[in-house]
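Below is one structure, written out as structure tokens, with a few remarks after it.
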Amino acid sequence: MNGLDDPAYARFAWRRFRRILYAMTAVGIVAAAVAVWLVGRAYGPLGWIAILATVGGVVGSVAMAGALMGLAFMSSGTGHDEAVDAFAPDHDAPPR
């Protein structure tokens, strides 16, 4: 049995995951704006394709990192990490 079996705790865990994801997406948007500004200062006026590529790359990378971080927190916080079987040398040893 893990924490997500309880509906109230599952709501809490998913709400926390979404909050982390929203916060990281907001950080990504701010980082993308700064990146577009810095690239524009370094290379002059940017075309709309370059702006979209920069924004998409920065926001996508930061949002993906936030999603993976949030899932790691959810896995640890709901007891999934503790539910994994411990290393069993008899079963995991290569055959002789």
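For the range 23-42, the criterion of being more than 21 Å from the chain's Cα centre (by Cα) and of a type in the set (Gly, Ala, Ser) is satisfied by at least one residue.
The number of residues in the range 11-52 that are surrounded by 15 or more Cβ atoms within 10 Å (Cβ to Cβ) and small (Gly, Ala, Ser) comes to 5.
Leu4 meets all of the listed conditions (1) touching a residue at least 60 places away in the same chain (Cβ under 8 Å); (2) touching a Gly at 6+ places or on another chain (Cβ under 8 Å) but one, namely (2).
Is it true that some residue in the range 79-86 is at pLDDT 80 or above, surrounded by 11 or more Cβ atoms within 10 Å (Cβ to Cβ) and touching a Leu at 6+ places or on another chain (Cβ under 9 Å)? Looking for residues that are at pLDDT 80 or above, surrounded by 11 or more Cβ atoms within 10 Å (Cβ to Cβ) and touching a Leu at 6+ places or on another chain (Cβ under 9 Å), one finds none in the range 79-86, hence no.
The values are calculated or read from the model by the stated rules, or taken from the named source; none is laboratory data. Since the structure is predicted, the reported quantities are computational estimates derived from the model, not experimental observations. Glycine also receives a Cβ, built like all others from the backbone with ideal geometry; neighbour counts cover every protein chain displayed.
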